[in-house]
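> Here it is, the structure, as structure tokens.
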Amino acid sequence: MNEPNLLRAVDLRKTFKVSGQNHSNRFLTALDQVSLHISTGETLGIAGESGCGKSTLAKIMAGLLLPDSGEVLYKGTPLSQLGMSEQKMFRQKTQMIFQDPFSSLNPRMRVGDSISEPLVISGVPSQLQRMELARIMAAVGLPYDTTNRFPDEFSGGQRQRIGIARALAASPDILIADEPVSSLDISIQAQIINILLQMKLDSALSMMIVSHNLLILRHICDRIIIMYLGAIVECGPALELFSRCRHPYTEALIAAIPGLNTSAASKGELLQDDLPSALSIPAGCRFHPRCRHAIDLCRSEVPKMSEYSAGHTAACHLSEALYGSNYLS
Ligand SMILES: Nc1ncnc2c1ncn2[C@@H]1O[C@H](COP(=O)(O)OP(=O)(O)OP(=O)(O)O)[C@@H](O)[C@H]1O
Ligand code: SF4
Ligand SMILES: [Mg+2]
């Protein structure tokens with residue numbers, strides 16, 4: 001069944017305490033009022049510069065980190081209200097893939113056992129486990145005769161396949177992948193992307209993919225969320241975001257992609273200045289110190305998120321003036 005709100009986040013806020021000079025503590029805002037949803041079978045991309053909160057968001061959505069406030073809801077129930085058995089089910093049904101698969105694999109466990117572990121935990125009969133292991137290894141392009149090897153006998157790309165295979169063995173509803181290919185060579189990246197694409201075509205699996213690489217997200221995702229300094233500034237259908245973005249930050253990110261021929265790429269200017277610190281988020285529109293369009297209003301008032309076409313939202317006071325109306329009728 002298509003579940004429009006399979007996984008939903010409502011007003012997530014997350015701060016981290018960091019020690020400053022003279023042992024004083026300060027709070028850094030990693031996420032601020034972040035709301036989103038993932039539907040059954042949907043692939044959602046999360047993009048933004050380093051430090052904008054992508055991994056923090058991914059961990060909170062996977063239930064690995066608690067927000068300061070706000071809620072994550074799985075099939076409509078807040079994670080904080082799940083009973084013991086429902087929590088176990090959520091942990092099984094929401095699998096995470098990390099940038100460095102080595103850190104999430106037990107180095108002393110043979111990969112066959114590692115991939116089979118979720119099958120054992122979820123009670124797949126032992127006679128079916130080998131068949132299922134073979135099916136999953138074939139799906140991610142791992143030779144079955146490697147089951148007796150240990151993780152350090154594999155290349156980075158193969159280890160990422162093992163990580164994906166292990167996640168798939170849990171029969172997840174949702175796969176949350178944090179920079180799944182950024183540590184790999186370009187040719188290997190393409191192979192892993194193709195595995196994810198194939199999974200998208202083959203099943204109703206939902207995916208949330210965090211990546212710096214907007215082109216990868218355009219290739220693989222239905223929708224893309226653009227984050228800036230802990231907040232969502234734009235969200236829209238992947239292709240529409242490229243053909244008609246509605247926020248100057250998105251425009252600048254697209255303009256920074258070499259050789260891309262879109263209106264945003266030709267109109268936009270490359271980002272000037274460094275990302276401000278998450279310890280002191282600028283007032284008003286948090287992007288204003290770097291925005292070439294900023295007016296007084298931008299420095300004092302936080303722009304609201306508005307919907308401009310079906311499922312395409314952006315938070316910019318001047319979106320309509322810069323990119324046209326195109327409001328929902
Ligand atoms: N455990 C922590 N303690 C203190 N600060 C943290 C912690 N984890 C993350 N942060 C800070 O929170 C902010 C968001 O970090 P996060 O790792 O979510 O960003 P990111 O978008 O994933 O970055 P990258 O693209 O570099 O992976 C950053 O300013 C980061 O320094
Ligand atoms: S609200 Fe103002 S500063 Fe922010 S992105 Fe829009 S124009 Fe730029
Ligand atoms: Mg990260």
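The values are calculated or read from the model by the stated rules, or taken from the named source; none is laboratory data. Not measured: the values here are computed from a predicted model. Cβ atoms come from the backbone with ideal geometry, glycine included; neighbour counts cover every protein chain shown. Each accessible area value is taken on the protein alone, full model and side chains, heavy atoms only, with ligands, DNA and RNA left out. Shrake-Rupley method; radii C 1.70, N 1.55, O 1.52, S 1.80 Å.
> How big is the Rg/Rh ratio for the chain, C-alpha atoms only, Rh by Kirkwood, two decimals?
That ratio is 0.99, to two decimals.
> Among the trypsin sites (Lys or Arg not before Pro) within the range 280-329, which fall in a DSSP loop and have no more than 13 other Cβ atoms within 10 Å of their own Cβ?
Answer by residue number: ARG292, LYS304.
> Now, a different point. Before I look further, what does the range 186-288 give for accessible area per residue, probe 1.4 Å, in whole square angstrom?
40 Å²
> Further, regarding this structure: Check THR15: other-chain or 5+ apart residues with amide H under 5 Å from its amide H, H built from backbone geometry?
Result for THR15 returns ALA30, ASP68.
> Also, quick follow-up: Between ALA321 and MET305, what is the label-point separation in nm under the 7 Å Cα-to-beta-carbon projection?
A separation of 2.4 nm, rounded to one decimal place.
> How much space per residue, in cubic angstrom, does the convex hull of the C-alpha atoms of the range 173-329 take up?
139 Å³
> From largest accessible area down, sort ILE295, ILE115, ILE257; use a 1.4 Å probe on the protein chains.
ILE295, ILE257, ILE115
> Let me ask something additional. Anything over 26 Å Cα to Cα? Flag those among LYS17/LYS304; LYS17/LYS75; LYS17/LYS59; LYS200/LYS304; LYS59/LYS88; LYS88/LYS304, in the order listed.
Beyond 26 Å between Cα atoms: LYS17/LYS304; LYS17/LYS75; LYS200/LYS304; LYS88/LYS304.
> Could you rank ASP152, ASP100 by how accessible they are, 1.4 Å probe, largest area first?
ASP152, ASP100
> Rounding to the nearest 10 and keeping the result within 0 to 90°, find how far the Cα-based axis of helix 111-121 lies from the longest principal axis of the chain.
Value to nearest ten degrees: 90.
> A further question on this structure: Between SER126 and GLN92, with labels modelled 7 Å along Cα→Cβ, what's the label distance in nm to one decimal, could you check?
1.9 nm
> Among the DSSP beta bridges whose two residues both lie in the chain, what percent are antiparallel, rounded to the nearest 5?
Given both bridge residues lie in the chain, the antiparallel proportion sits at roughly 60 percent.
> Only helical DSSP H runs with n ≥ 4 go in: add -39500 (n - 2.57) per run for the chain, normalise by residue count and round the 222 nm mean residue ellipticity to 500 deg cm²/dmol.
So the calculated ellipticity at 222 nm is -9500 deg cm²/dmol.
> Also: Sticking with the crude label model, points 7 Å out along Cα→Cβ, report the distance from ASP296 to LEU201 in nm, one decimal please.
If labels sit at ASP296 and LEU201, their model points lie 5.7 nm apart.
> Would you mind putting 192-199, 306-313 in packing order, based on average other-beta-carbon counts within 10 Å, highest first?
Result, highest mean Cβ count within 10 Å first: 192-199, 306-313.
> Something else: Using only alpha-carbon positions, what ratio does the radius of gyration of the range 161-216 give when scaled by 2.2 N^0.38 Å?
Relative to the 2.2 N^0.38 Å estimate, the range 161-216 comes out at 1.08.
> Here is a follow-up. What does the accessible area of ILE136 come to, in Å² to the nearest 10, when a probe of 1.4 Å is used?
The accessible area comes out at roughly 0 Å².
> Ignoring ligands, DNA and RNA, please state the percent of accessible area on the chain from carbon and sulfur, probe 1.4 Å.
Of all accessible area on the chain, carbon and sulfur atoms account for 51 percent.
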